[in-house]
Amino acid sequence: MEQIWAPWRMQYIRMEKPEGCILCDKPGEKKDTDNFILYRGKKNFVMLNTFPYNPGHLLIIPYRHVPGLDDLTKEEAAEHAEIIKKCIRILKNAFNPTGFNIGVNMGRVAGAGIADHVHSHIVPRWQGDTNFMPVVGCARVIPEAVADTYERLKDKF
Ligand SMILES: [Zn+2]
């Protein structure tokens, strides 16, 4: 697999991280458009990654603050998996990707940015996408690109 070149993520890596847990705070704020929350299930919600590896990079997040997939109840895990399927279908229709990276980074050593609140990543992939994002990839453009992705996806859920 080719590595995705995502230089704007340096801004995320360098920036001050807020106190507490943003994955707990965001759904409580009731500002779903500002927070790029696309869908709320009973046990999990879907949010766009503000620092995406690719357009359409989604996060599937249980409301409950637990570190591992193995901490999810049967009900939470079942809905989590159902929502991943739903997201794949929606991304296929909206963006026509030719592949996906889907996964969970558990623990900082494994690369988790928010290590103590488990979440799944879905990153749509296209042939040649490793060369595509630098074209739109200056840090200033990314928030607009994420807002645009939100507009394109929010009615599909
Ligand atoms: Zn949390």
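The values are calculated or read from the model by the stated rules, or taken from the named source; none is laboratory data. Everything quoted here is computed from the prediction, not taken from an experiment. When we count neighbours, we look across all protein chains shown, and the Cβ atoms used for this are built from the backbone with ideal geometry, even at glycine. Just so you know, the surface numbers come from the protein's heavy atoms only, side chains and all, with ligands and any DNA or RNA stripped out. Shrake-Rupley method; radii C 1.70, N 1.55, O 1.52, S 1.80 Å.
Out of segment 19-44, which residues are within 19 Å of I122 (Cβ to Cβ) and away from the ligand (no atom under 12 Å from the Cβ)? Those that are within 19 Å of I122 (Cβ to Cβ) and away from the ligand (no atom under 12 Å from the Cβ): D32, N35, F36, I37, L38, Y39, R40, G41, K43, N44.
Scan segment 17-28 for residues that are open to solvent by 70 Å² or more (accessible area, probe 1.4 Å) and either modelled with pLDDT of 95 or more or not in a loop (DSSP other than H, G, I, E, B) (or both) and the total you get is 1. The selection criterion, being part of a strand (DSSP E or B) and within 14 Å of the ligand (Cβ to nearest atom), holds for L59. Which numbered condition in (1) of a type in the set (A, V, I, L, M, F, W, C); (2) crowded, with 17+ Cβ neighbours inside 10 Å; (3) modelled with pLDDT of 95 or more is the only one that F100 fails? For F100, the exception is condition (3). In segment 65-97, which residue that is under 17 Å from G41 (Cβ atoms) and open to solvent by 70 Å² or more (accessible area, probe 1.4 Å) is farthest from the ligand (Cβ to nearest atom)? Taking the candidates together, the pick is R89.
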